[in-house]
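Written below as structure tokens is the structure these notes are about.
Quick note: the coordinates plus some simple rules give every number you see, no bench work behind them. If you're wondering where the values come from, they're calculated on a predicted model, not measured in any experiment. With ideal geometry, Cβ positions are generated from the backbone for all residues, glycine too; neighbour counts draw on all protein chains shown.
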Amino acid sequence: MSFSFDPEDGLIIVPTEVEGPAGSAVLRLALDTGATSTLINASLLVAVGCDLALVLDRVEMTTGSGIEFTPRIIVAKIVALGHSRRNFPVLGHTLPPSAGVDGLLGLDFLRNHALTIDFRNGWISIG
């Protein structure tokens, strides 16, 4: 299954559904093959019922501004590019409004799949 994107844009935006204890939301995640973990804006995780204040699992994350410790939380379900994962760990981190996305779809979601990105024709697929 293939999904289109605008190859002229700076980022490949992947519509991604995230399900938490209080509901679900469709987010705009940037495909990031440089990110080892999927990251979602903390306020959006709270909106679907995830309580980041109670999370004891915190992981070290390297950002452009340094090292930070961020909560890793399990979401009930995440769906992107025609694939879904249940009980999937994501990092909850506050992104600046200038980011223009709700988070990053990282390598952890893409592992064990063949990722194809066609910049010439503007499509992406994982199989």
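Table for the structure above
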read-out: Rg to Rh quotient for the chain, alpha carbon positions, Kirkwood Rh; value: 0.96
read-out: Spacing of the two label points (7 Å from each Cα toward its C-beta) at residue 119 and residue 54, in nm; value: 4.5
read-out: Contour minus Cα-Cα distance for residue 25 and residue 67 (0.36 nm per residue); value: 12.2 nm
read-out: Per-peptide average of other Cβ atoms within 10 Å, ordering 74-85, 101-112, 3-14 highest first; value: 101-112, 74-85, 3-14
read-out: Distance (nanometres) between label positions extended 7 Å along Cα→Cβ at residue 36 and residue 11; value: 2.2
